[in-house]
Structures are given as structure tokens and as C-alpha cells.
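What follows is a short report on a single structure.
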Amino acid sequence: MTQTMELGNLQKPGLGPKLKAFVRRRTEGRAVILLAVISLVVVFYEPLVFTAYPVTLGRIALIGLVALGLTAVILMGELDLSVASTLAASGVIVAVIPDLRIAIPVALLTGIAVGIVNAFFVAIVGIASFIATLGMLFGLSGLAFVLSGEVPVNLQNQDAGILFSQPVLGPLTPRILLFLLVFIALQLFVTRMKAGREFFAVGGNRQAAYDSGIPVKRRIFTGFIISGFVSALAGVIYTLTLTTASPDAGSNVLLSSFAAAIIGGNYLKGGKGSIVGTLLGATALGMLQTTFLMSGIQVPVQNTLIGAILLLAVITDPTSLRALIEKLRSALSKRAKVAPS
Amino acid sequence: MAKESLTEQIALTEVVAQEAPKKTSGVGLWLTQNGVFLFLVVLAVFAAFFVNGFGSLDNVTNILNRAVPLGIVAVGMTFVVISGNYLDLSVVAQVATSGVIFLAVGSEYGLGVAALAATGAAILYGLVNGLAVGLFKANAVIVTLATTYIGLGLLRYFSGGSIFFGPPDGPMDVFGSGKVGPVPYSAFVFLGLTLVLSLVLTRTNFGFLVKSFGVNERATRLGGVNTDMVIVGAFLVTALAAMIAGFVFAAFSNTAVSTMAQGFDFKALGAIIIGGTSVFGGRGSVLRTLLGVIFVSVLDNVLTLLGFTFGFQQLALGVLILLAVTLDVLSRKLGQQ
């Protein structure tokens, strides 16, 4: 971010302040930096990540889809922990119902229903979102285990699964295309539509949003429904790709999707962030994971590194840094005051 | 001195203002706040009459053995919850780290060294979590999610993912399998720790600050308290309790593996919330958590005896958490009327 800002200073006056303001307004700085660093490292050490780009893209789609839905909720300053088991439950539903024409709509409707229940507890009952969705995380994970009989279920229609993994447009498989579709839809929704832009208002200052006539409760419903629907979609895609559904499928999804959204610069307190940021974060993480995969780094080490990146991302959040700087400043001034006496 | 007493007064007025029970809606308020007592009694009576084998001494020992490690984690985590920082997900990693250290290091260099190493690891966990949440003001859910993966990843890397066995009849095994009547030794550890932590929360300055921080962070800070250190303290208490839980858990089966504590994070939080400690912070007690742990453990046991599988237990816990939090919100609304 600092680099870009310096660049802004070099520009002619007039454009400089504009660029500076633009950079300051954007929240994707850290995602850009991380992506740049990872790209550089990858180019030199594991160029396979670029040459075998269908694999990398598939990985990015896997991580990113859930993260995109999650972003809609995070923009409003809420969390949705239930995404992990929504993915597992909808995945199991697709595998359990033999006819895919019925199974896929049922799975997607489940996602929407989960979103409605989550939003009901958050907006109507007034429970903190992390705890309401935690209840759902548990409940749905239980449901996934019950429906699947506690064992992985094979997809009945294996042909559909195989067909689903074939590229349809150049190297792009339906999975990647769906991910891009969701990205474009959400990006347009959040930046171009009234309802989407209201997400920022709800997240920035809920009382002000309420006072200015924004239907806050309805927006919370919209956000959780988006998140539920998208993670159900991810579950459907997951099962179709693997042609099998495991009730504990979502166990690693929570870490990677939250990491992608937070690295992407979405403030957990809400009001600031972007869908593009999440895409960048997911891209960085996806490339990182593919690099790990190809250079044979053990899974525990991978998890440690991704955990460390998430920790770093969450403590280098601008609000965190500002809090820290203020604290240091007040500590220094206190010492200065004490010293003369 | 003067500053401290001022702090206390500010915090005290806050606590009193929030906690003072309004006498207007007696029965409803009491029910919403203490419903878990009723549920527990109903459940126990039902189980004693209708569930085969629930009342047997073996089963009581079984319930206790399962409840104790979870309970120790939960009473520790109560501090983090009361301080208004939601939860500590990384207990999963903490318990496993401690268990593996006690068996792997303990059988090699003796229990003393192992205890030192485990304590060191616990302090490290507590410091990282506490500083990230307290000093950097980062979201506790995300921070502890990250430290869970860091911790578990390191543990799996260094342990090679293998299962560690303690020597049969070693000190761990003797402790783990020993019992007085139907009550295992570890239950006494749990009870002792619960009492100590309960006293810390209600009788010490630190406990008082944890509570007042949960009620009103800003007022506590403005009162001149170093609030960051209060948060670090709360996470340290959780980490040390998780360390003891790891010891007890590893001793019970005389084995330890990096996945041993899976599900402890949410289950402990479930017990805390069902016990009646508010997730909004500020309200709750260690003894309530004890009750919540007993309730969750009895429920699990009854469901298992009735032949319900893991999935149904998970489902029941999810519904219970939602129910308990809804009750919490209702009691707040009733209390405000």
C-alpha cells in the first residue's frame, strides 16, 4: 500500500491527491501485496502453478465461492459460521436424493432456508450473529451426519459428476464458470444496486442506516440468504466434482473462506470491503495452496502457514493498527509527562 | 491507590446498573435465567426412570470421565466469554498440545519437565490470543481460528500425527484410572479448579475487572484500567485450564493424539451458554458453567444410551445453544421492562 501511495505522490498535482484518495478509499491493499509476493515467489520456484492453471483456477473457485457469499454478510458487520456445515449438508442432500433434477433445487433451497433461519435469529430475535450461526453450524452438521448415516455417500448419478468436471469453455470447467458467475453477480449487486449498496450503510452505522430509512432487517435477511445460498451452491459443486459427499466436508472451509475474505480487506466490523478484495484474497490463497500441493509440503505445515497468514491479516487490519499506534502514543506521552517531575 | 478505587467505583456502578434485577416480572425472569436447572432436573428424573442403565455406578463414572476434561476447558473459557470476547476456539489445539506433551515428553524426561513444557505452551497460546485480541483489537473468533490451525499444524508436524501411549502403570495411568468409589480422581481436580476459578472471578480484583470489562469496555478503560492486560489474563486463564484438561484427558485413556480434543471448542461454549453465562459478556459465573457442563454431559449420555448417533447429539446441541441464547435475550428484554 505504501508503495502505491508513494507512486501517487510522484504524479502531477491534481491527479496526485485524487489517486491518493482513491488508494486510501480502497481496502484491497493487503490482498494486492500478498498476491504480488506470492506471484513472485511462485514464478521463480513453482511456475507449474501458472502453466497448470486449470488446477489453480479450480482451487481458487473452491476456496472463493464460499468466501464470496460470506463477504455479503461481513459487509454488514456480521459473521456466518454456518457456511461450513451448510456446504456439508447440501452436499449430502445432493448425493442422497437419486434424481439430480430434484436434488439440486432441494439442496439450494436448504441453503436459502438456512439463511432465513440465521437472519431470523440475528435480526428478529437479536442474537449476536456469530452465536446464532454457531448453533446452525452444529445443527446442520448434525443433520448432515444423520442424513448420510455418518458415512460418505456416493453420488448415484456418477456420469453427471464426470460430465461436470469436463471443461466446457476453453479450459474452464462448470465449477470455475459458476464461481465467475457468482462473482460478477455479487459484484454488480453490491456496487450497482441499491439493496447491495445499503449493505455498506448497515455495516458502517446501523443506527444511522435505520434512521435514514434503510430497511435494516430486510437487508440482514438478504445478506444471510445470499451467504446460505452460495455455500449451498458450493456444497452441490463439491459433491458433483468429487462424486461423493462426506458429512464432515466443510471442516477446512471455515478457515480458508474466512481467510480469503479477511485478507481481501473486508472489515469484520462491517461497512468497508469489497467483493473484488475477496476475489483477490481467494486467488492469493488458492495459488498458495496449489504451490503447497505441487511442491509436496505436508498438510500440517500448510495449515500452520495459512493460519499464520490469517492471524497476520487480522492484526494488520487498519483499525487494529490504529488502536495500537494510539496506545503507543499515549504510553510515550505518559512517560514524557512523568519524566520531568 | 486513589485511581484504583475510582475505577472500581465506576465499574461497580456499571455492574450494578446492569445487573440489578427488576422486580416487575418475577416468574418469567427467573425461568429465563435459571431454566437450565429445571431442564436438568427433568432430564435426570426422566433418565433415571426410563433409560436403562442410566443410574448405575458404572454409568455415573462414565459420565464423569467424559464431563471432566470438557468441564475444565469450559470453566476456563468462561473468563473469555464473560469478558465479552465470545470464545476461544483454539482450546482444541491447546488441549491436544498439552496431552501430547505430557505423554511424549513425560515418558521421556519425567512429568516435571513435561509439566513445565506444557505450561510454557499454554502461556504462549494465552499470550498470542490475548495480545492479538487485547492489544490489536482483533476479532476473537478469527484470531483463535487462526491459532487453532497454527497450533494443530505445528503439533501434527512435530508429532508426525502419531498416537502417543504412556507407560502402563506410569504416574499418568495411575492418576487416570484411579477413583474413589464411582468418582474418578480427575473429578476432584475439576471440582477444585471450579472452586478456585469461581473465587478468582468473584473475589479478586482481576475477576472483577474481567466482569466489568464484559459489561462496558469503554467505562473500564476510562477508569484507567489497563484493559489489554485484563484480556490477556482472561485468555491465559483459559489456556492454563486447557492445559490441565489436556493432562486429565491424556491420563484417562493414557493416550494422546493431535485430534483428541476435536469439538471441545464449541461443546465447551455450548455448556457455558446453556449454563446461563451471557455471550454478550459481563453476566455469568463459573458455577453456572459447571451446571451447563453437567447438563450437556448427561444429555449426551442419555442420547447415547437411547441409541441416538453422533449426528443427533450434534443436532440436539445446536438446537439447545439457539434455545439458550434466545432465553438469554428474552431475559434481558424482561429485565429491562
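Screening B:Gly110, B:Gly53 for residues that are out of contact with any Ser or Thr (no Cβ under 9 Å at 6 or more places or on another chain) and under 26 Å from B:Val183 (Cβ atoms) leaves exactly one candidate, B:Gly53. Which residue out of A:Ser165, A:Ser231, A:Ser227 is in contact with an Asp or Glu (Cβ under 7 Å, 6 or more places away or on another chain) and of a type in the set (Ser, Thr, Tyr)? Criteria check complete, one pass: A:Ser227.
Filtered by the rule that a residue be within 7 Å of another protein chain (Cβ to nearest Cβ) and either over 15 Å from A:Ala128 (Cβ atoms) or crowded, with 19+ Cβ neighbours inside 10 Å (or both), the stretch B:314-328 gives B:Gln314, B:Leu315, B:Leu317, B:Gly318, B:Val319, B:Ile321, B:Leu322, B:Val325. Restrict the check to the stretch B:161-179 and report whether at least one residue is of a type in the set (A, V, I, L, M, F, W, C), more than 14 Å from every other protein chain (Cβ to nearest Cβ) and over 30 Å from A:Val299 (Cβ atoms). Yes, because at least one residue in the stretch B:161-179 is of a type in the set (A, V, I, L, M, F, W, C), more than 14 Å from every other protein chain (Cβ to nearest Cβ) and over 30 Å from A:Val299 (Cβ atoms). Of all the listed residues (A:Gly281, A:Gly270, A:Gly265, A:Gly296), the sole one being without any contact (Cβ under 8 Å) to a residue 60 or more places away in the chain and more than 8 Å from chain B (Cβ to nearest Cβ) is A:Gly296. Of all residues in the stretch A:83-98, those satisfying the criterion of being in contact (Cβ under 8 Å) with a residue 24 or more places away in the chain and over 12 Å from A:Ser257 (Cβ atoms) are A:Ser85, A:Ala88, A:Ala89, A:Ser90, A:Gly91, A:Val92, A:Ile93, A:Val94, A:Ala95, A:Val96, A:Pro98. Apart from one condition, B:Gly214 fits all of (1) over 19 Å from the mean Cα position of the chain (by Cα); (2) in a helix (DSSP H, G or I); (3) within 14 Å of chain A (Cβ to nearest Cβ); the exception is (1).
Which pairs have Cβ atoms under 9 Å, sit 6 or more apart or on different chains, and link a residue in the stretch A:301-315 that is touching a residue at least 40 places away in the same chain (Cβ under 8 Å) to one that is among the aromatic types (Phe, Trp, Tyr) and surrounded by fewer than 24 Cβ atoms within 10 Å (Cβ to Cβ)? Listed pairs, sorted by first residue: A:Ile306/A:Phe292; A:Val314/B:Phe136.
The single residue among A:Leu65, A:Leu70 that is modelled with pLDDT of 85 or more, out of contact with any Gly (no Cβ under 9 Å at 6 or more places or on another chain), within 24 Å of A:Val122 (Cβ to Cβ) and within 14 Å of chain B (Cβ to nearest Cβ) turns out to be A:Leu70. B:Phe188 - would you say it is under 22 Å from B:Val75 (Cβ atoms), out of contact with any Ser or Thr (no Cβ under 8 Å at 6 or more places or on another chain) and away from every other protein chain (no Cβ under 14 Å)? For B:Phe188, the condition - under 22 Å from B:Val75 (Cβ atoms), out of contact with any Ser or Thr (no Cβ under 8 Å at 6 or more places or on another chain) and away from every other protein chain (no Cβ under 14 Å) - is met. For residues that are of a type in the set (A, V, I, L, M) and facing chain B (nearest Cβ under 7 Å), scanning just the stretch A:299-309, find the one that is farthest from B:Val143 (Cα to Cα). Among those that are of a type in the set (A, V, I, L, M) and facing chain B (nearest Cβ under 7 Å), it is A:Val301. Residue under question is B:Thr259, and the condition is that it be of a type outside the set (Lys, Arg), surrounded by fewer than 24 Cβ atoms within 10 Å (Cβ to Cβ) and outside any helix (DSSP H, G or I); does it hold? Yes: the conditions hold for B:Thr259. Pairs linking a residue in the stretch A:236-258 that is free of Cβ contacts under 8 Å to residues at least 60 places away in the same chain to a residue that is among the hydrophobic types (A, V, I, L, M, F, W, C) and assigned to a helix (DSSP H, G or I), with Cβ atoms under 9 Å and 6 or more positions apart or on different chains, are A:Asn252/A:Ala84; A:Leu255/A:Ile306; A:Leu255/A:Leu310; A:Leu255/B:Leu145; A:Leu255/B:Ala146. Among the residues here, B:Gly275 qualifies as in contact with a helix residue (DSSP H, G or I) (Cβ under 9 Å, 6 or more places away or on another chain) and modelled with pLDDT of 85 or more.
Annotation note: of A:Leu181, A:Leu177, the sole residue that is touching a strand residue (DSSP E or B) at 6+ places or on another chain (Cβ under 7 Å), assigned to a helix (DSSP H, G or I) and more than 8 Å from chain B (Cβ to nearest Cβ) is A:Leu177. Looking across the stretch A:122-174 at every residue that is surrounded by fewer than 17 Cβ atoms within 10 Å (Cβ to Cβ) and either within 14 Å of chain B (Cβ to nearest Cβ) or closer than 30 Å to B:Gly276 by Cα (or both), the one that is farthest from the chain's Cα centre (by Cα) is identified as A:Gly149.
Of the numbered criteria (1) of a type in the set (A, V, I, L, M); (2) within 30 Å of A:Asn154 (Cβ to Cβ); (3) surrounded by fewer than 18 Cβ atoms within 10 Å (Cβ to Cβ), the one A:Val230 fails is (3). Evaluated against (1) more than 9 Å from chain A (Cβ to nearest Cβ); (2) under 30 Å from B:Asn52 (Cα atoms), B:Ile231 falls short on exactly one condition, (2).
Residues in the stretch A:156-167 that are under 27 Å from A:Ala260 (Cα atoms) and without any contact (Cβ under 8 Å) to a residue 60 or more places away in the chain: A:Gln166 only. Out of curiosity, is B:Leu111 touching a Pro at 6+ places or on another chain (Cβ under 8 Å) and more than 8 Å from every other protein chain (Cβ to nearest Cβ)? Here the answer is yes, as B:Leu111 does meet what is asked. The set of residues in the stretch A:122-158 being farther than 20 Å from B:Lys267 by Cβ, part of a helix (DSSP H, G or I) and in contact with a Leu (Cβ under 8 Å, 6 or more places away or on another chain) consists of A:Ser129 alone. Only one residue in B:Ala250, B:Ala256, B:Ala268, B:Ala241 is within 14 Å of chain A (Cβ to nearest Cβ) and touching a Leu at 6+ places or on another chain (Cβ under 9 Å). Which one? Exactly one residue qualifies, and that residue is B:Ala268.
The values are calculated or read from the model by the stated rules, or taken from the named source; none is laboratory data. Model, not experiment: these values are computed from the prediction. For neighbour counting, all protein chains shown are included, and Cβ atoms are generated from backbone atoms with ideal geometry for every residue, glycine included.
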